[in-house]
Structure formats: structure tokens, C-alpha cells
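First the structure, in the form of C-alpha cells, and then the observations on it.
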Amino acid sequence: MAQRAGRLSFARLRAQFTKEVLCTLRDPRSRMVVFMPPLLQLLVFAFAATLEVRNVDAVSYTHLRAHETVLDLVCRLLLEKKKK
């Protein structure tokens, strides 16, 4: 018995976890505390989050053309497009 005192018994841990989950789900107030915040977050963040990108400047950086501005980059790309 002295050897097992220092070890973690996964069966006991699982039993304790199961007991706590069942006790939490039995109590209506605990259920509300567990389930309501994630549901509210889903509702709020669904309207707040968007994947639309606005007002973002595009910049290209390489070690060869580090001095280029956005205008230089656009001009260079347009000239390359005309060559083709």
C-alpha cells in the first residue's frame, strides 16, 4: 500500500471526474454557469467577428528591393505585365 500512495491512480481520477460532472449537471444553477457563457460568447462573437479586410496596405519586402515604396512596386508590376 505504501508504494501506491505516491502514484496517481487513473481509475480514482476518472471516478472523481465522473462524480463531479454528474453533480454539476444535477444542479440547475451549475448547469447555467457551465453552459450559458459559451452560448452567449457564440452569439456575441458571431456578430462581432468578420473576415472582411479593409484599409490594408500591401507591401513587398525583399533584401534586393527594400527601398521600394508601394507606388514603385505597382509601377514595376504594371510594366512587367505590359511586357508579356
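Every read-out reported here was derived from the displayed coordinates using simple, explicitly stated rules and does not represent laboratory data. Only a predicted model underlies this, so the values are computations on that prediction, with no experimental measurement involved. Neighbour counts run over all protein chains shown; Cβ positions are idealised from the backbone, glycine included.
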* Please give every one of the aspartates and glutamates within straight-line cross-link reach of residue 19, meaning a C-alpha to C-alpha distance under 19 Å, and leave out same-chain neighbours fewer than 8 residues apart. => 27
* Asked: Between residue 14 and residue 41, what FRET efficiency comes out of the Förster formula 1/(1 + (r/R0)^6) with R0 = 30 Å and r the beta carbon distance, rounded to 0.05?
  -> 0.55
